[in-house]
Amino acid sequence: MDNNILRISIIQSRIEWEDKAENLRRFGELLRRISGRTHLAVLPEMFSTGFSMRVETLADSMDGETVTTLKHWASAYGMALTGSFMASDGGRYFNRAFFVTPDGDAYYGDKRHLFRMGSENRYFDAGRERLTVDYRGWKICPLVCYDLRFPVWSRNVPHAYDLLIYVANWPAVRKNVWKTLLPARAMENMAYVCGVNRVGADGNGYAYDGGSAVWSPKGNKLVDAGNRETVRTCLLEKDALDALRTKFPVLEDADSFVIK
């Protein structure tokens, strides 16, 4: 297994509003089409429901249909999967990031910063610990949407991750923020950054313009999904990342901090 190369696919799609069955069907078909062609597929935030607050009706338990389906996809199609879904756990609700491997391992981390302008903080509990997963020799950190705005939570000290992923339902009206902060997070953290957003419109009337992309630690755009439904794949090189960090060890001078 060549751990230098990580093949990553961004799944930029519309999400049918609060229609879990249809979303699972559609995303399953999109993943089937790239079976054998990628190591990691990235789905948008709340890929199975859209950014809804109907937690009591739509949230899935940790042994429910969404997690069961994700594990089946990962095994059947031979790829890791990451994204987020509406989770019910211990009587509370979370916007929960997942990372599921083809071997059946599953890891979870909850969205830290809840979008109060959309009342998310009224329905969901905030995450307390950041998730980092070791996969194919890469350290990967999946975060969720609004977390992008908060550089302290995203900070790569000391080289905690090689690839930082943001999955999102990021409205078109604020697309300039999305397009600006993704490369900023790559450059300041000396890591690859992947951002995957949805397209279409949701049940609240918000339009989504995509803009999913992968950025190099130098701030170069490696792939851009534009503003339509598409699946795009690119290769990330670990040796190139390690060489850059050795040549330009900027994080050795980073400030230390404690998150409370």
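For the range 197-235, enumerate the residues that are β-branched (Val, Ile, Thr) and buried (at least 24 other Cβ atoms within 10 Å of the Cβ). Don't jump to the end; show me each part of the working.
The initial filter retains those residues of the range 197-235 that are β-branched (Val, Ile, Thr), namely 199, 214, 223, 230-231, 233.
Correct list: Val214 only.
Of the residues that sit in the range 145-180 and are open to solvent by 30 Å² or more (accessible area, probe 1.4 Å) and of a type in the set (D, E, K, R), which one is nearest to Asn95 (Cα to Cα)?
So, considering only residues that are open to solvent by 30 Å² or more (accessible area, probe 1.4 Å) and of a type in the set (D, E, K, R), the one nearest to Asn95 (Cα to Cα) is Arg149.
Inspect the range 48-70 for any residue being under 16 Å from the mean Cα position of the chain (by Cα) and either aromatic (Phe, Trp, Tyr) or modelled with pLDDT under 95 (or both) and give the result as yes or no.
Looking for residues that are under 16 Å from the mean Cα position of the chain (by Cα) and either aromatic (Phe, Trp, Tyr) or modelled with pLDDT under 95 (or both), one finds at least one in the range 48-70, hence yes.
For Arg96, all conditions in the list (1) farther than 27 Å from Asp239 by Cα; (2) open to solvent by 10 Å² or more (accessible area, probe 1.4 Å); (3) of a type in the set (Lys, Arg); (4) in contact with a helix residue (DSSP H, G or I) (Cβ under 8 Å, 6 or more places away or on another chain) hold save one; what is the number of the exception?
Status for Arg96: all satisfied but (4).
Among the numbered criteria (1) open to solvent by 10 Å² or more (accessible area, probe 1.4 Å); (2) touching a residue at least 60 places away in the same chain (Cβ under 8 Å), which single criterion is violated by Cys194?
(1)
Name the single residue, out of those in the range 63-85 being among the aliphatic types (A, V, I, L, M) and within 17 Å of Glu45 (Cα to Cα), that is surrounded by the fewest Cβ atoms within 10 Å (Cβ to Cβ).
Within the range 63-85, the match that is surrounded by the fewest Cβ atoms within 10 Å (Cβ to Cβ) is Val67.
Quickly run through the range 18-44 and pick out the residues that are touching a Gly at 6+ places or on another chain (Cβ under 7 Å) and within 29 Å of Cys234 (Cα to Cα).
Of everything in the range 18-44, those that are touching a Gly at 6+ places or on another chain (Cβ under 7 Å) and within 29 Å of Cys234 (Cα to Cα) turn out to be Ser35, Gly36, Val42, Leu43, Pro44.
Out of the residues in the range 221-260 that are of a type in the set (Lys, Arg) and either within 25 Å of Pro44 (Cβ to Cβ) or not in a helix (DSSP H, G or I) (or both), state the one that is farthest from the chain's Cα centre (by Cα).
Restricting to residues being of a type in the set (Lys, Arg) and either within 25 Å of Pro44 (Cβ to Cβ) or not in a helix (DSSP H, G or I) (or both), the top hit is Lys260.
Among Arg112, Arg122, which is the only one that is surrounded by fewer than 17 Cβ atoms within 10 Å (Cβ to Cβ) and at pLDDT 95 or above?
The conditions single out Arg122.
In the range 1-27, what count of residues is obtained for those that are open to solvent by 10 Å² or more (accessible area, probe 1.4 Å) and either farther than 25 Å from Ser216 by Cα or touching a His at 6+ places or on another chain (Cβ under 6 Å) (or both)?
The number of residues fulfilling the criteria is 12.
If you take the residues in the range 118-145 that are among the aliphatic types (A, V, I, L, M) and out of contact with any helix residue (DSSP H, G or I) (no Cβ under 7 Å at 6 or more places or on another chain), which one is nearest to Val214 (Cα to Cα)?
Ile140
The values are calculated or read from the model by the stated rules, or taken from the named source; none is laboratory data. Computed from a predicted model, the values in this text were never measured in an experiment. Here Cβ is always computed from backbone atoms with ideal geometry, including for glycine, and neighbour counts include all displayed protein chains. Accessible surface is based on the protein model in full, side chains and every heavy atom, while ligands, DNA and RNA are left aside. Shrake-Rupley method; radii C 1.70, N 1.55, O 1.52, S 1.80 Å.
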